[in-house]
Amino acid sequence: MVLGARYALYSIIYFTSPGRILAGILLLIVCGSIVYSILQIIAALRYISVRPPSLRSTEPISILKPLSGLDLNLESNLRTFFEQDYPAFEILFAVRNQNDPAAAVVAKLQGEYPQVSSRLLITGEPPYSNAKVFSLAHMMAVAANDVVVMSDSDIRVTPDLLRTIAAEFQDRDLGVATCPYRAVPGASLWSRLESTGMNSDFWGSALVARMLEGMHFAVGPTIAARREVLQSIGGFDRFKDYLAEDFVIGKFAAEAGHGVILSSYVIEHHIGDATLHDNVEHRLRWARSTRRSRPAGYVGQLFTMPLPLALIVVALSPAWWPLLPLTILVRSLAAYFVSARVLHARINWLLLPMEDVIAFCFWIAGFFGNTISWRKRRYRLFSDGRFELMPTQDR
């Protein structure tokens with residue numbers, strides 16, 4: 001009788017210990033994460049199944065390129081836009097002042113491609129918190145065409161970009177198209193780790209959101225839109241104080257009833273050879289801005305991290321070790337379908353688990369702090385996703 005009572009007491013203590021309770025809670029979350037990884041696979045297959053329409057008409061297109069300084073391989077990146085296989089397009093560039101070294105790169109390419117209509121604008125110092133939006137507003141004011149492609153300086157494309165965009169915009173109900181991107185890293189370990197996360201976890205989540213909710217967002221760094229749609233949702237003046245202007249462009253367009261799609265064209269996003277310091281700043285900026293723009297979605301990102309959660313569960317309860325290989329298998333399959341099948345990116349299988357753990361740590365860090373660094377300036381984030389430049393004395 002006494003032994004039975006002791007055993008019952010031991011069982012209660014063992015199974016209700018804080019570590020076991022935490023392990024049980026995390027086990028449920030891991031199961032949800034495994035289901036989410038399966039959804040990523042399904043979402044990737046659904047995206048692949050969509051084929052762009054055939055091109056029937058070549059509507060003129062304006063390309064808007066905000067520039068600031070000499071990004072890595074800037075000339076090679078910009079050259080791909082001059083070499084578009086499309087009969088009717090113009091390229092507009094914007095820099096803050098004529099001494100910006102990017103202006104010399106543009107002038108060189110203009111000399112090499114005189115048959116391409118192009119123009120360089122000098123905007124002056126931006127009064128907006130978001131300097132990129134200020135440049136876009138200047139270029140939009142002189143753009144000749146209704147369909148515009150807004151693209152960052154670190155993007156590289158093939159000659160059929162505009163043909164694909166034009167084919168998709170033959171649908172008059174389409175207002176905004178956001179191009180998925182394949183992150184191309186530099187030589188550093190931190191750059192390769194970050195690209196691994198972008199090409200697997202980030203786009204896996206975006207594809208699931210597309211499948212379950214439809215496209216109620218846009219993602220830079222390349223977005224195509226109709227001028228009339230941008231004007232109908234308030235124009236660039238409405239986006240000037242948002243850090244994630246790409247996200248709100250898609251959000252506001254969808255809320256206004258305009259069609260928003262994830263384009264079938266995959267661009268290359270060359271993220272450069274980031275140092276550890278650069279990588280930390282970029283990840284924190286991304287995490288904190290996402291938390292401010294989509295707080296519920298940010299919390300929900302926990303379900304996109306099965307491997308770190310499974311490692312914690314097994315550390316707390318080693319008897320549950322079979323959970324780990326199952327999690328690795330499902331996570332690897334999801335990464336394969338998103339990275340290799342959708343983005344046509346090569347996967348470094350050794351870096352994938354490292355990136356998953358690092359991303360989990362930055363996800364936790366993203367809950368703290370409301371300041372970010374962007375192009376050597378310090379900004380304060382607000383709860384609605386807006387941001388402002390911090391005064392010098394606050395830095």
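Remarks
- Two-decimal Rg to Rh for region 104-196 - Kirkwood Rh, Cα set: 1.00
- Proportion of all alpha-carbon pairs of region 65-223 beyond 27 Å (%): 29 percent
- If you take the Cα centroid of region 149-193 and the Cα centroid of region 38-84, the two points sit 3 Å apart.
- Lysine pairs within the chain, Cα separation less than 23 Å, 8 or more sequence positions apart or different chains: 11
- Contact order for the chain, expressed relative to its length and based on alpha carbon pairs under 8 Å spaced 6+ residues apart, stands at 22 percent.
- Relative counts (whole %) of C-alpha pair distances in region 162-227, using bins that are 5 Å wide: 3, 15, 20, 21, 17, 12, 8, 3, 1
- Counting only alpha carbon atoms, the long axis of helix 245-255 and the longest principal axis of the chain meet at about 90°.
- Helical content of the chain, expressed as a calculated mean residue ellipticity at 222 nm, amounts to -15000 deg cm²/dmol (DSSP H runs of 4 or more residues, -39,500 (n - 2.57) each, divided by residue number, nearest 500).
- Radius of gyration, Dmax [region 213-309; alpha carbons; angstrom]: 15.4, 46
- Over all projection directions, the Cα-based convex hull of region 46-115 averages an area of 6.6 nm².
- Each Lys or Arg adds one and each Asp or Glu subtracts one; over the other residues with Cβ under 9 Å from the Cβ of R292, this totals +3.
- Residue-count net charge about D146 - beta-carbon cut-off 10 Å; Lys, Arg +1, Asp, Glu -1: 0
- Within the chain, percent of DSSP bridges classed antiparallel, to nearest 5: 40 percent
- Taken per residue, the accessible surface of the chain reaches 46 Å², heavy atoms only and a 1.4 Å probe.
- The chain: angle of helix 276-293 to the longest principal axis, Cα-based, in degrees nearest 10: 90 degrees
- A quarter of the convex hull surface defined by the alpha-carbon atoms of the chain gives 22.4 nm² as the mean projection.
- Size of electric dipole in the chain: Cβ of Lys, Arg +1 and of Asp, Glu -1, about Cα centre, debye, nearest 20: 900 debye
- Solvent-accessible area assigned to carbon and sulfur over the chain amounts to 61 percent, based on a 1.4 Å probe.
- Directionally averaged projected area (convex hull, Cα atoms, region 167-268), nm²: 7.1 nm²
- Most tightly packed first, judged by the mean number of other beta-carbon atoms within 10 Å of their residues, the peptides 345-357, 258-270, 26-38 read 258-270, 26-38, 345-357.
- Within-12-Å neighbourhood charge of R156 [Cβ basis; K, R +1; D, E -1]: -4
- About its Cα centre, region 174-239 has a charge dipole of approximately 160 debye under the convention of +1 per Lys or Arg Cβ and -1 per Asp or Glu Cβ, with nothing else charged.
- Paired Rg and Dmax values of region 288-395, which use every Cα atom, in angstrom: 17.8, 55
- Between 0 and 90 degrees, the angle of helix 203-213 with respect to the longest Cα principal axis of the chain falls at about 90 degrees.
- Check: region 49-154 dipole with +1 on Lys, Arg Cβ and -1 on Asp, Glu Cβ, in debye: 120 debye
- Selected from I223, P114, Q301, residue furthest toward positive end of dipole (the chain; charges at beta carbon): Q301
- Region 306-338 versus region 97-135: alpha-carbon centroid distance in Å: 48 Å
- Ellipsoid fit via the Cα gyration tensor, region 289-335: semi-axes of 26, 14, 6 Å, each the root of five times an eigenvalue, largest first.
The values are calculated or read from the model by the stated rules, or taken from the named source; none is laboratory data. Given the structure is predicted, the values throughout are model-derived calculations rather than measurements. A quick note on method: Cβ atoms are made from the backbone with ideal geometry, for glycine too, and the neighbour counts reach across all protein chains shown. Just the protein is used for accessible areas: all its heavy atoms, side chains included, with ligands, DNA and RNA removed. Shrake-Rupley method; radii C 1.70, N 1.55, O 1.52, S 1.80 Å.
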